[in-house]
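Working notes, beginning with the structure itself.
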Amino acid sequence: MKAKQELMVREREKQLAKKQAEQKLKLQEEKQKEKQKRRQKATLSFNIDDEVENVEDTEEPPQEGGTVSEVTQPKKMKLGKNPDVDTSFLPDKDREEEENQLREELRQEWVSKQEKIKNEEIDITYSYWDGSGHRRSARMKKGHSMSQFLHRCIENLRKEFTELRTATVDQLMYIKEDLIIPHHYTFYDFIVTKARGKSGPLFSFDVHEDVRMVADSRVEKDESHAGKIVLRGWYEKNKHIFPASRWEPYDPEKNYDKYTISDKLQR
């Protein structure tokens with residue numbers, strides 16, 4: 001699943017970079033066309049009679065006693081480009097180098113922008129779940145992985161909960177919008193792809209009350225809930241009981257747009 005997620009991220013990055021490159025190339029070609037129109041170069045002549053007349057006018061009769069080799073040779077006419085002819089479709093080494101340079105500049109600009117986003121800090125509200133919720137918050141960078149996030153959380157929770165004093169990150173699960181999130185994913189992965197869970201967006205970390213606990217609502221689209229941190233041992237013992245009965249592993253290829261409160265089909 002990690003490979004699939006990375007592939008989706010790379011595809012989206014390529015599409016954004018390609019779109020920006022096409023826009024700049026279009027502007028550059030328009031500027032080149034304007035420059036070509038302003039250039040006043042010799043226009044190609046396709047009138048054979050005019051060329052013949054020009055050649056005849058330059059010829060001089062041989063002088064008396066002169067030889068054929070001494071006859072003045074006519075000067076060759078230099079042919080230039082016609083500025084009115086569109087040559088943008090022809091191969092142009094200079095133009096190709098400029099386009100490649102522009103693509104590289106756009107790529108570096110995009111990479112720099114993404115690194116800046118990954119280094120931005122966000123407040124993550126989470127709830128340690130042992131049958132009841134214990135809400136806490138942690139400040140993380142968008143580029144941090146779930147493993148790094150769980151390590152930060154467990155350090156803060158060990159002082160309060162004795163069952164966590166000997167626990168490791170591998171023994172913890174992070175549940176966001178009823179989906180079990182693998183440890184290798186980063187917050188950035190969900191933000192850039194705008195991924196959704198069964199009960200709300202995975203890319204939003206501001207918290208609203210869970211409508212399943214406070215109201216009789218069937219469909220929820222925009223509200224985000226505090227992710228749950230649970231011990232794997234607790235999950236194995238209680239996975240047949242709500243809310244653990246709704247949890248399932250995150251699949252990046254699955255569409256979670258439709259959301260129901262119960263496990264039954266919508267009525």
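The values are calculated or read from the model by the stated rules, or taken from the named source; none is laboratory data. Everything numeric here is computed off the predicted structure, so don't read it as measured data. Cβ: placed from backbone, ideal geometry, glycine included. Neighbour counts: every protein chain shown. Note: accessible area is taken over every heavy atom of the protein model, side chains too, but ligands, DNA and RNA are not part of it. Shrake-Rupley method; radii C 1.70, N 1.55, O 1.52, S 1.80 Å.
Would you kindly state how much longer the chain becomes between Arg103 and Lys24 on full extension, computed as 0.36 nm times their sequence separation minus their alpha carbon distance, in nm to one decimal? Can you show the working numbers first?
Working: separation 79, 0.36 × 79 = 28.44 nm, distance 0.93 nm.
Taking Arg103 through Lys24 to full extension adds about 27.5 nm, to one decimal.
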- Asp178, Asp86, reordered so the largest accessible area comes first (probe 1.4 Å): Asp86, Asp178
- Once both labels are modelled 7 Å past Cα along the beta-carbon direction, what's the Met8-Arg38 spacing in nm? 4.9
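Largest first, how would Ser145, Ser245, Ser137 line up by accessible area (1.4 Å probe)?
Working: Ser145 20, Ser245 45, Ser137 80 Å².
Correct descending sequence by accessible area is Ser137, Ser245, Ser145.
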- Place a point 7 Å from the Cα of His240 in the direction of its beta carbon; the residues of segment 170-206 whose amide N falls under 19 Å from it are none
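I need the semi-axes of the equivalent ellipsoid of segment 120-181: take the C-alpha gyration tensor, multiply each eigenvalue by 5, square-root it, list largest first in whole angstrom. Spell out each step's value before the answer.
Working: eigenvalues 67, 36, 29 Å².
So the equivalent ellipsoid measures 18, 13, 12 Å along its semi-axes.
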- Message: Out of the trypsin sites (Lys or Arg not before Pro) in segment 121-183, which ones are loop residues according to DSSP with at most 13 other C-beta atoms within 10 Å?
- Response: Lys159, Arg165
- Item | Heavy-atom accessible area ranking, 1.4 Å probe, most first, across Lys19, Lys93, Lys228 | Lys93, Lys19, Lys228
- Under the 7 Å Cα-to-Cβ spin-label approximation, Val85 and Lys194 lie apart by a distance in nanometres of 4.8
